[in-house]
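To start, the structure under review is shown below, and the notes come after it.
The values are calculated or read from the model by the stated rules, or taken from the named source; none is laboratory data. Keep in mind the model is a prediction, meaning the values are calculated, not measured. All Cβ positions, glycine included, derive from the backbone under ideal geometry; neighbour counts span all protein chains shown.
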Amino acid sequence: MLAGLLIGNGPTVVAQSADALSWPNRVIDTHRVGEVSPVVTGIAIRPGVSEAIVVGDDHTLHLVDTNNGRLIQTLPGHEDWIRTIAFSPKGDTLLTAGSDRRILKWDLQTQRWGIFASGNSSIEAIAYSPDGNLVAAVGFESKLRIYDGRTGRSQTALDCPCSDLRAVAFSADGTKLAAGGRSGQLLIWENRNGKWNPVSQEVIHQQRIHGLSFIGSDRVVSISEDRTVHLADLGSAAGSGVVATMPSKLYSLAIISPDLIACGSSDNRIHLIDLQEKKSIGYLESHQGTVSSLAFAEGKLVSGSYDGETRVWQAQAGIAVASNQLNRPSAEPSASFDLPALGVGSVGVGTTSERSASQPNASPPLLPIRSIR
């Protein structure tokens with residue numbers, strides 16, 4: 001058992017008003033001239049590379065350069081709103097999922113993609129384990145599903161007391177798994193001898209949880225529509241409770257350092273919260289809609305909004321920026337990749353008929369990546 005796992009409520013801390021922060025930022029080009037920019041609902045930064053994938057309601061992946069803000073390529077594949085996105089720890093494989101009830105796998109080394117897994121409901125959040133061996137997925141059902149990270153084969157389904165789950169995360173050591181959603185419960189499992197056992201179903205929020213993340217292996221930070229930021233210390237109930245209550249509903253979360261997080265809010269701002277001091281240190285503003293997506297790595301914060309804009313912010317001096325090492329094992333940075341510059345509507349040399357038969361321990365068959373840029 002984990003010591004002191006029951007989550008204490010703690011005193012409510014109302015975040016003090018803070019000034020706007022002057023972080024340089026620029027709009028990233030995620031669409032072609034003349035097109036309507038998509039509502040952004042997912043962002044992931046590729047480990048070790050100045051590239052990010054942006055997804056949303058246009059059913060398309062947008063590969064962008066976070067250094068110059070340019071659109072590199074747009075990639076079709078989904079048939080409905082893309083809700084969530086995750087890179088493998090090494091950055092060579094990408095998973096995307098959403099309202100079409102499918103998880104797609106994009107192999108960035110072989111330039112091929114395919115269906116990783118599929119289900120019966122919209123998929124709202126996915127996460128890789130730190131070693132890349134497992135993938136967890138949640139959505140509009142009362143199951144947390146765990147897949148083999150290479151083949152996509154279902155390994156287990158964990159029962160949840162909520163059928164609207166919006167967030168899922170592995171701990172840094174891969175032994176714990178957390179999820180949350182409409183019920184406001186923080187659901188935690190621990191892997192003991194190869195079996196995932198429920199450890200807690202504590203109600204920590206009064207409304208839907210929209211984001212959560214492990215900080216290391218024993219702390220879980222979560223944000224909610226109830227406007228609160230909660231920190232759960234799995235080793236000490238005394239260290240758990242509400243860290244801050246914000247002015248507006250919170251919809252996105254990014255870890256900047258072990259004691260600093262960024263929260264996207266319905267007031268169109270990105271709030272930076274010091275977890276140790278339990279206070280806001282300031283906010284970033286430029287968006288004209290709810291900040292629905294955040295990702296942070298190597299000193300850059302990438303934000304997406306319902307206003308259709310994606311922005312990249314450069315963290316300023318004095319901000320600790322070690323978050324890219326918090327939830328994955330150390331590894332050599334992967335090399336940058338260049339997707340083929342195929343014409344609009346064109347496909348690579350492979351065809352559907354060339355897909356190999358699925359073997360018991362084989363990766364799912366993949367199709368050539370097609371670009372519509």
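Some values worked out for this structure:
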read-out: Filter result for R102 (over 24 Å from F214 (Cβ atoms), at pLDDT below 95 and among the basic types (K, R)); value: no
read-out: Index of the failed condition, V203 passing every other in (1) surrounded by fewer than 24 Cβ atoms within 10 Å (Cβ to Cβ); (2) of a type in the set (A, V, I, L, M); (3) within 21 Å of A254 (Cβ to Cβ); value: (3)
read-out: Residue satisfying condition, being within 18 Å of A169 (Cα to Cα) and either in contact (Cβ under 8 Å) with a residue 60 or more places away in the chain or under 22 Å from the mean Cα position of the chain (by Cα) (or both), within set L272, L284, L231; value: L231
read-out: Tally of residues being over 19 Å from A97 (Cα atoms), out of contact with any Asp or Glu (no Cβ under 9 Å at 6 or more places or on another chain) and assigned to a strand (DSSP E or B) across region 159-186; value: 1
read-out: Cβ-Cβ under 7 Å pairs, at least 6 apart or on other chains, region 191-212 side within 15 Å of T228 (Cα to Cα), far side buried (at least 19 other Cβ atoms within 10 Å of the Cβ) and among the aromatic types (F, W, Y); value: H210/Y251
read-out: Every residue from region 98-115 that is part of a loop (DSSP other than H, G, I, E, B) and among the aliphatic types (A, V, I, L, M); value: L108
read-out: Residue check, R227 among the basic types (K, R), in contact with an Asp or Glu (Cβ under 6 Å, 6 or more places away or on another chain) and more than 21 Å from E298 (Cβ to Cβ); value: no
read-out: Subset of region 157-176 [among the hydrophobic types (A, V, I, L, M, F, W, C) and more than 9 Å from F214 (Cβ to Cβ)]; value: A157, L158, C160, C162, L165, A167, V168
read-out: Strands (runs of 3 or more DSSP E) enclosed by region 214-312 - at least 2 residues per element that are out of contact with any Cys (no Cβ under 8 Å at 6 or more places or on another chain) and charged (D, E, K, R); value: 269-274, 279-285
read-out: Some residue of region 106-114 being among the basic types (K, R), over 23 Å from G211 (Cα atoms) and surrounded by 18 or more Cβ atoms within 10 Å (Cβ to Cβ); value: yes
read-out: Counted residues, region 79-97 - those being under 18 Å from the mean Cα position of the chain (by Cα) and either at positive phi or in a loop (DSSP other than H, G, I, E, B) (or both); value: 6
read-out: Filter result (surrounded by fewer than 18 Cβ atoms within 10 Å (Cβ to Cβ) and closer than 25 Å to D218 by Cβ) within region 275-297; value: Q276, E277, K279, I281
read-out: Selected residue (only one of I255, I261, I273 is over 16 Å from A178 (Cβ atoms) and at pLDDT 95 or above); value: I273
read-out: Scope region 227-254; condition among the charged types (D, E, K, R) and more than 23 Å from I43 (Cα to Cα); matching residues; value: D233
